[in-house]
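Encoded as structure tokens, the structure appears first; notes follow it.
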Amino acid sequence: MGLSSLVLLLLVVLASPALAADFLEENGFFRVVIAGRTYRLEALTVKQAGTPGRLPIALIAHGKPANLQSMLDDHATNFVEVARDLASRGWLAVAVIRRGFGQSDGPLPLPVTCQSTSFLPRFAADADDLAATLDFIATRPDADPTRVIAIGVSAGGAAVMALSARNPKNLRGVINISGGLRMLNCPKEDALVQAFKEYGAKSRVPTLWMYAKNDSFFGPDLVQRMRDAFFDGGGDVKFVMFDAIGQDGHTLFSSGAGRFKWLQEMDGFLRFHTLPTWQRRDVDVLLKRLNGTERNRAFVEGFLSAPFEKALARVSQDNYMFGGWGFKSIGDARNRALDGCGKQRPPERCAIVMENNNWVGNSH
């Protein structure tokens, strides 16, 4: 899929209102090699249906649940919504479960305890899993290993930062969302800051950091220390601190409200670095299809960035629009869009015209 993937997609779906499967999804296991030994890692790959050729790779790194049982219940399919968000932007999205989690081989290598004085060995082991996954994915005929981004949440955010410090030649960007590692019984904030200082001295990969002010794991003061340590070492970082997200800002990565915010920041980051995502001209295409005006532009931009599953309701008589996004099913998104529209206009005048990136409405 080219840089203007949504233009091409819209041209296809506008030609026919019939909906086809949006994505091709594979859930299974990768056989990777780490330090000369073969491991089995649970993984999910998602790409836009009907996209020929090689696609750039978006690697997704998960966090660390609080206890062993939750770690073993962490599965690649838990990340299917975010993977679809990335696939819709033209990426081959890959969610991998690291050693010691889910159904991947174990145990957890180099765990951190209260006796640990450094997080570096722990994060290095996580980066080993990510690097080995990229080596495996590079052999796929639908993967373009010359264009890679890595996105990590919580402990996965620290893992992708550790990967960035190795400066893989084809790693074009790293996105750290609520990244770090929390020790409940023996806080080690200084060790976390020191790790990011080490990465800043080595990493020359463009990075985007996103946190929320009410993150119960990593508060604003700690995050600022981490950012300063990384930046002062010479790291390339764009830093975004969102206002409160729900009850706990650590849900920034996964919640619908959080995804709506960080996906828009990610889109700007990708465009700046000439990496695939929707383009400004895609807004013009959709505005025209919606018979919209400039006053609708901000809404349409938001809808294009909004997380799957999503739906757009419109009242054609006055072109009022209302969207629902970040739902588990397209039915829930549709119901939310119609309900919101019906509270502002007569419900019988509201109609769904977009489901995800597919046009399903009438011409007028």
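Any read-out appearing in this document is the output of simple, stated calculations on the displayed coordinates, not a laboratory observation. Predicted model, so just to flag it, every value in this text is computed and none were measured. Counting neighbours? That spans all protein chains shown, and the Cβs are built from the backbone with ideal geometry, glycine included.
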Review point. Cα axis of helix 280-289 to longest principal axis of the chain: angle in degrees, 0 to 90, nearest 10?
Key: 30 degrees
Point to revise | Which label in (1) 67, 43, 39; (2) 64, 48, 37; (3) 84, 44, 37 gives the computed Cα extents along the principal axes in Å | key: (1)
Revision key, fill the gap. Per-residue Cβ contact counts at 10 Å, fewest first, order Met71, Met210 as Met71, Met210
Exercise for review: For a footprinting-style exposure proxy, rank Tyr39, Tyr211, Tyr199 by other Cβ within 10 Å, fewest first.
Suggested key: Tyr39, Tyr199, Tyr211
Check your understanding: With charges set only on the Cβ (+1 for Lys and Arg, -1 for Asp and Glu), what does the dipole of region 280-359 come to about its Cα centre, in debye to the nearest 20?
Key -> 100 debye
Review point. Just checking the chain: which Cys have no other cysteine's beta-carbon under 4.7 Å?
Key: none
Exercise for review: For the chain, with a Gaussian network of springs between Cα atoms less than 10 Å apart, report the residue from Ala132, Ala93, Ala159 with the top mean-square fluctuation.
Suggested key: Ala132
Review point. Which of Pro347, Pro220, Pro276 moves most in a GNM of the chain, Cα contacts under 10 Å?
Key: Pro347
Practice item. State the answer as a single residue: which of Ala257, Leu290, Gln103 lies farthest towards the positive end of the charge dipole of the chain, with beta carbon charges of +1 for Lys and Arg and -1 for Asp and Glu, about the Cα centre. Key: Leu290
Practice item. When a/c is below 1.5 the answer is rounded, else prolate if a/b is larger than b/c, else oblate, so apply that to region 280-359 with a ≥ b ≥ c taken from the square roots of the Cα gyration tensor eigenvalues. Key: oblate
**Study point:** Full-stretch length increase - Gln344, Met183 - with 0.36 nm per residue and alpha-carbon distance subtracted
**Key:** 53.2 nm
Point to revise | Mean Cβ count within 10 Å, highest first, over the residues of peptides 232-241, 146-155, 181-190 | key: 146-155, 232-241, 181-190
Practice item. When a/c is below 1.5 the answer is rounded, else prolate if a/b is larger than b/c, else oblate, so apply that to region 99-152 with a ≥ b ≥ c taken from the square roots of the Cα gyration tensor eigenvalues. Key: prolate
Practice item. Order these peptides, 51-57, 76-82, by their mean beta-carbon neighbour count within 10 angstrom, highest first. Key: 76-82, 51-57
Point to revise | Nearest-ten-degree value, helix 5-15 long axis tilted from longest Cα axis of the chain | key: 30 degrees
Review point. By how many degrees, 0 to 90 and rounded to 10, does the Cα axis of helix 256-272 deviate from the longest principal axis of the chain?
Key: 80 degrees
Point to revise | Cut-off under 5 Å, modelled amide H: who pairs with Phe242 long-range | key: Tyr211, Ala212, Lys213
